[in-house]
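The values are calculated or read from the model by the stated rules, or taken from the named source; none is laboratory data. Everything numeric in this text was worked out from a predicted model, so none of it was measured. With ideal geometry, Cβ positions are generated from the backbone for all residues, glycine too; neighbour counts draw on all protein chains shown. The protein model used for the area step is the full one, side chains on, heavy atoms only, and it has no ligands, DNA or RNA in it. Shrake-Rupley method; radii C 1.70, N 1.55, O 1.52, S 1.80 Å.
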Amino acid sequence: EAGVAQSPRYKIIEKRQSVAFWCNPISGHATLYWYQQILGQGPKLLIQFQNNGVVDDSQLPKDRFSAERLKGVDSTLKIQPAKLEDSAVYLCASKAGGETQYFGPGTRLLVL
Amino acid sequence: AQSVTQLDSHVSVSEGTPVLLRCNYSSSYSPSLFWYVQHPNKGLQLLLKYTSAATLVKGINGFEAEFKKSETSFHLTKPSAHMSDAAEYFCVVSANAGNMLTFGGGTRLMVKP
């Protein structure tokens, strides 16, 4: 069974630029999550999707972050414009009916 | 509300000696608890999970954890450390209908030869 796929793996941009990350969850997993992991900290949930609907986006900085899962499968997370403090690893996870979330390898973002 | 505290940010052991990574949690509900491991430049991998069945949970690679409700703890142990165990370990709690995970700050395990 293929795992959660994310791309790109690494991205370097300058502040005020835009960036987008892509996630393809495990086939059949209805729930998809985006997390932000700042260096030296545990991951923090940004947004949770159930199929193509948003379940929880209370921690998403909506003035600059957006996410979509239009067809209920893959998802994109966008930052526009980026700030220095957005430098982090962005993790995507997916879940079927149980409790266990399966994580992708992450996208490491550096904002200069 | 839920929270997780990992009591040690760094733990260093010698190869072949026991490992203890400490975790305390706070939850308003009956929690599910997890330990995840993160190797450098790799994704998070589930080591084990507790979901209100047996309080002693066995995971992969010889790790186990014991849920102690009275102490609100879920410490991770392994009898004998291996060099390949060197990684970052996260204790995680999930205690609501949406299964939102709350991560601890992580413990970096170093294994000396």
- [ ] Please give the per residue accessible area of chain B, computed with a probe of 1.4 Å over protein heavy atoms only, in Å².
- [x] 47
Open item on the list: Based on DSSP loop calls and a cut-off of at most 11 other Cβ atoms within 10 Å, the longest stretch of chain A free of exposed GluC sites (Glu not before Pro) is what?
Closed with: A:15-112
Open item on the list: Going Cα to Cα from A:Lys15, which lysines come in below 29 Å? Please leave out same-chain ones fewer than 8 positions away.
Closed with: A:Lys44, A:Lys62, A:Lys78, A:Lys83, B:Lys42
Open item on the list: Straight-line reach only, C-alpha to C-alpha below 16 angstrom: list the lysines that B:Lys78 could link to, leaving out same-chain residues fewer than 8 apart.
Closed with: B:Lys49, B:Lys58, B:Lys112
Open item on the list: What's the whole-number percent of alpha carbon pairs in the protein assembly as shown lying beyond 23 angstrom?
Closed with: 48
Open item on the list: So with the 1.4 Å probe, I'd like the accessible area per residue for chain A, rounded to whole Å².
Closed with: 49
Task: Over 13 Å [Cα-Cα, region B:47-113], rounded percent - done: 69
Task: Summed buried accessible surface, chains B and A, 1.4 Å probe, nearest 100 Å² - done: 1500
Task: Virtual spin-label span in nm between B:Ser30 and A:Leu70, 7 Å along Cα→Cβ - done: 4.3
Open item on the list: At 0.692 mPa s and 37 °C, plugging the Kirkwood radius over alpha-carbon pairs of region A:26-65 into Stokes-Einstein gives what diffusion coefficient in µm²/s?
Closed with: 295
Open item on the list: If you average the alpha carbon positions of region B:50-77 and of region A:1-75, how far apart do those two centres end up, in angstrom?
Closed with: 30
Open item on the list: Below 19 Å, Cα to Cα, which aspartates and glutamates can A:Lys95 reach? Residues fewer than 8 away in the same chain don't count.
Closed with: A:Glu1, A:Asp56, A:Asp57, A:Glu68, A:Asp74
Task: Viscosity 0.692 mPa s, temperature 37 °C, Stokes-Einstein D of chain A from Kirkwood C-alpha radius, µm²/s - done: 236
TODO: Would you be so kind as to list the residues of region A:89-109 that have their accessible area lowered by at least 40 Å² in the full protein complex compared with their chain by itself (1.4 Å probe)?
DONE: A:Glu99, A:Thr100, A:Gln101, A:Phe103
Open item on the list: What three numbers, in Å, describe the spread of the alpha carbons of region B:1-75 along their principal axes, ordered from the longest?
Closed with: 37, 24, 21
TODO: Would you mind checking which residues have amide H under 5 Å from B:Leu48's amide H? H placed 1.01 Å from N; only 5 or more apart, or other chain.
DONE: B:Trp35
